[in-house]
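Since the structure comes first, as structure tokens, the remarks are kept for the end.
The values are calculated or read from the model by the stated rules, or taken from the named source; none is laboratory data. Every value quoted in this text rests on a predicted model; they were computed, and no experiment measured them. Because the Cβ atoms are built from the backbone with ideal geometry, glycine has one as well, and the counts that use them run over all protein chains shown.
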Amino acid sequence: MTDYNPIFRSPIRTSETSVATSGLQLIDQSGLPVTLIQGAAAAGVLQSHFARLPATAGQLVDVGEGFLARLTPAEFYLFGKSAGAALPTAAELENSFKTAGVFAHTVDFTHGQAVIRLAGDQAADVLRKICGLDFHDSAFPPMQVKQTSAAKVKTLIARIDEAGLPAYHLHVSRPLGQYFWETLLDVGQEFGLDGGQR
């Protein structure tokens, strides 16, 4: 049997994959490799793949071609910086767990998630309109991750600032990607975000 290699198509249908106006930038990054890792013993094995791990729940660390977040003491979330990021696959991690004889497992979420990046000085102002989280720097500093509801959608928000500007990576269920994108564009109009032609 040949290797199964499905073609990824973003769930977001728009004339542009990137919208940037008034200092705000909205980018569709769907297709980044995403892996959920669960198991109380997972951390010990992950240390053989990454130089460092997030120490506490809510922390995010740079692992070279991606980011590794700790969602709970026994749950990690790995995602790439690009679609071709060289990160351990779910299958490779599963094999490591099996070899080490530990009870942990992985789920490849790459094709099940829509990923949207919202960046700019007013990015937090846009998110405050659809989410009840406190986005002040003291409550949600860079390199942190939170799970919440935004626009009535279960959302994982990772803050990864770029060039001194706040930037938020928003992970939502793939079928809700288009709705979430359009909601951000709609709310962002107040702050000068323009989606252009659709």
Item to check | Checking residue 142 against (1) within 16 Å of residue 67 (Cβ to Cβ); (2) surrounded by 15 or more Cβ atoms within 10 Å (Cβ to Cβ); (3) at pLDDT 95 or above, the condition it does not meet | outcome: (2)
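Scanning for something under 22 Å from residue 67 (Cα atoms), of a type in the set (A, V, I, L, M), at pLDDT 95 or above and in contact with a Lys or Arg (Cβ under 7 Å, 6 or more places away or on another chain), does segment 151-163 turn up at least one residue?
Taking segment 151-163 and keeping what is under 22 Å from residue 67 (Cα atoms), we get 154-163.
From what's left, of a type in the set (A, V, I, L, M): 156-158, 160, 163.
Cutting the leftovers down to at pLDDT 95 or above gives us 156-158, 160.
Next cut, in contact with a Lys or Arg (Cβ under 7 Å, 6 or more places away or on another chain) only: 157.
Yes; the residues of segment 151-163 include at least one that is under 22 Å from residue 67 (Cα atoms), of a type in the set (A, V, I, L, M), at pLDDT 95 or above and in contact with a Lys or Arg (Cβ under 7 Å, 6 or more places away or on another chain).
When you go through 94, 65 one by one, which is the residue that is surrounded by 15 or more Cβ atoms within 10 Å (Cβ to Cβ) and of a type in the set (Asp, Glu)? So that I can check it myself, show each step before the final result.
Working: 65 fails: surrounded by 15 or more Cβ atoms within 10 Å (Cβ to Cβ).
Of 94, 65, the one residue that is surrounded by 15 or more Cβ atoms within 10 Å (Cβ to Cβ) and of a type in the set (Asp, Glu) is 94.
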Checklist entry - Does residue 106 satisfy the condition of being hydroxyl-bearing (Ser, Thr, Tyr), touching a helix residue (DSSP H, G or I) at 6+ places or on another chain (Cβ under 8 Å) and buried (at least 19 other Cβ atoms within 10 Å of the Cβ)? => result yes
Checklist entry - Looking at this structure, is residue 37 under 15 Å from the mean Cα position of the chain (by Cα), at pLDDT below 95 and not polar (S, T, N, Q)? => result no
Next on the checklist: Cβ contacts < 6 Å: first residue more than 9 Å from residue 58 (Cβ to Cβ), restricted to segment 137-153; second residue among the hydrophobic types (A, V, I, L, M, F, W, C) and assigned to a loop (DSSP other than H, G, I, E, B), any location; separation 6+ or different chain. Result?
Outcome noted: 148/133; 150/130; 151/130
Next on the checklist: Quick check on segment 105-130: of everything there that is modelled with pLDDT of 95 or more and in a loop (DSSP other than H, G, I, E, B), which residue is nearest to residue 182 (Cα to Cα)?
Outcome noted: 130
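Would you check if residue 24 is within 16 Å of the chain's Cα centre (by Cα) and among the aliphatic types (A, V, I, L, M)?
Numbers: within 16 Å of the chain's Cα centre (by Cα): no; among the aliphatic types (A, V, I, L, M): yes.
For residue 24, the condition - within 16 Å of the chain's Cα centre (by Cα) and among the aliphatic types (A, V, I, L, M) - is not met.
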Checklist entry - Would a scan of segment 174-186 turn up a residue that is under 24 Å from residue 64 (Cα atoms) and either more than 17 Å from the chain's Cα centre (by Cα) or surrounded by 15 or more Cβ atoms within 10 Å (Cβ to Cβ) (or both)? => result no
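Just checking, how many residues over segment 28-47 are surrounded by fewer than 18 Cβ atoms within 10 Å (Cβ to Cβ) and in contact with a Leu (Cβ under 8 Å, 6 or more places away or on another chain)?
The initial filter retains those residues of segment 28-47 that are surrounded by fewer than 18 Cβ atoms within 10 Å (Cβ to Cβ), namely 38, 40-41, 44, 47.
Subsequent filtering for residues that are in contact with a Leu (Cβ under 8 Å, 6 or more places away or on another chain) retains 47.
Number of matching residues: 1.
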Next on the checklist: Restricting to segment 131-167, give me the number of residues that are of a type in the set (Gly, Ala, Ser) and in a loop (DSSP other than H, G, I, E, B).
Outcome noted: 6
Checklist outcome for this item: Exception for residue 62 within (1) within 29 Å of residue 124 (Cα to Cα); (2) at pLDDT below 95 falls at (2)
